[in-house]
Amino acid sequence: MNEKRKLRESDLYEPIQKYFKRKGYDVYGEVKDCDMAVMKDDVLIIVELKLNLSVDLLIQGTKRQRMSEHVYIAIPKPKKHNPRSKKWRDTCHLLRRLELGLILVSYTEKRKRVEVIIQPTPFHRSISMGKAKYLRQKIIKEIDGRSGDYNIGGSSRKQIMTAYRESCIQIACYLEKHGELSPKGLLQMGTGKKTQSILSKNYYGWFVRVKRGVYALSEKGKQEIKEYPELVKYYRL
């Protein structure tokens with residue numbers, strides 16, 4: 001069973017059966033459309049066996065939750081399994097959100113190994129949101145830094161208008177309109193706390209330092225801000 005194509009769902013049954021039996025459970029196959037029903041005292045565990053993790057399997061697992069709060073999905077361990085990859089971490093997050101357990105079964109020439117990766121425990125949304133509080137703050141900060149909505153949701157291969165880019169355009173418009181200015185003068189016009197950093201780093205090459213503490217708009221900046229007519233009109237008013 002070295003090649004995944006030779007595996008069948010039923011091949012997952014025996015190693016998982018032995019795993020639960022070692023823990024003192026009684027195990028039954030094919031009970032009322034459930035691939036595996038596992039019992040110990042009054043605890044009922046349901047395990048669904050599949051060769052691949054799919055939306056259909058997730059739907060099947062959530063349907064089984066109507067019969068038990070202890071539901072696992074079991075699949076062969078992927079050949080190129082990388083627990084640190086973003087895709088795998090996102091998949092595990094989804095399973096935890098759905099309160100589904102995950103079992104991986106791996107095969108070698110000498111043995112079959114069962115790994116319980118996720119337990120089917122309640123998902124605490126407040127704890128999850130607390131851990132990602134900084135991400136929420138970054139979203140709000142980005143929104144606060146924009147004067148309006150200049151992007152189309154779902155766009156790819158298209159330059160995104162970020163708060164940083166808009167700040168650069170704002171500074172460029174003021175320099176074009178008023179000529180050479182200092183960071184302090186721009187700040188007084190409302191360009192924001194990042195003004196000095198934007199001018200110093202000059203990420204887009206739009207600015208020229210004409211003398212100490214004084215900046216002007218470069219020819220490159222004059223040409224490229226024309227690509228943002230809405231914002232140029234907004235900041236020239």
Note, the range 124-132: 3J(HN,Hα) by Karplus (6.51, -1.76, 1.60, θ = phi - 60°), whole Hz, Gly/Pro = x, goes 9, 4, 5, 5, 4, 5, x, 5, 9
Short to long, in 5 Å steps from zero, the percent of alpha-carbon pairs of the range 108-179 per bin is 3, 11, 11, 12, 12, 10, 9, 8, 7, 6, 4, 3, 2, 1, 1, 0
From fewest to most C-beta neighbours within 10 Å, the residues V105, V43 line up as V43, V105
Out of I45, I198, I103, a Gaussian network model of the chain with alpha-carbon springs under 10 Å gives the largest mean-square fluctuation to I198
Rounded to the nearest 10 degrees, the helix 133-144 long axis (Cα) sits at an angle to the longest Cα principal axis of the chain of 30
A correct Karplus calculation of ³J(HN,Hα) over the range 47-62, with 6.51 cos²θ - 1.76 cosθ + 1.60, θ = phi - 60°, whole Hz and x for Gly and Pro, returns 10, 9, 9, 8, 7, 9, 7, 9, 4, 4, 5, 5, 4, 4, x, 5
Measuring from its Cα centre, the range 4-124 shows a charge dipole (+1 at each Lys and Arg Cβ, -1 at each Asp and Glu Cβ) which, in debye to the nearest 20, is 840
For the range 163-236, Rg(Cα) over 2.2 N^0.38 Å is 0.95
Whole-Hz Karplus couplings 3J(HN,Hα) for the range 190-197, θ = phi - 60° and coefficients 6.51, -1.76, 1.60, Gly and Pro as x, run x, 7, x, 5, 8, 3, 4, 5
Whole-Å distance linking the alpha carbon centroid of the range 117-161 with that of the range 185-218 is 30
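If we sort 47-55, 144-152 on the protection proxy, mean other Cβ atoms within 10 Å, highest first, what's the order? Intermediate values should be presented prior to the final figure.
Values: 47-55: 16.6, 144-152: 12.1.
In decreasing order of mean packing, 47-55, 144-152 become 47-55, 144-152.
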Tilt, helix 86-97 to longest principal axis of the chain (alpha-carbon atoms), in degrees rounded to tens, equals 60
Candidates for semi-axes √(5λ) of the Cα gyration tensor in Å are (i) 35, 19, 17; (ii) 60, 19, 15; (iii) 28, 20, 16, and the calculated one carries label (ii)
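Where both residues lie in the chain, what percent of DSSP beta bridges are antiparallel, nearest 5?
Details: 21 of 31 bridges.
Counting DSSP beta bridges with both partners in the chain, the antiparallel share is about 70 percent.
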For the chain, the longest principal axis of the Cα atoms and the Cα long axis of helix 163-178 enclose an angle in degrees, to the nearest 10, of 10
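We did not get these values from a lab; they are worked out from the coordinates using the rules stated. All values derive from a computational prediction rather than experimental measurement. Neighbour counts are summed over all protein chains in view; Cβ atoms, including those assigned to glycine, are modelled from backbone coordinates with ideal geometry.
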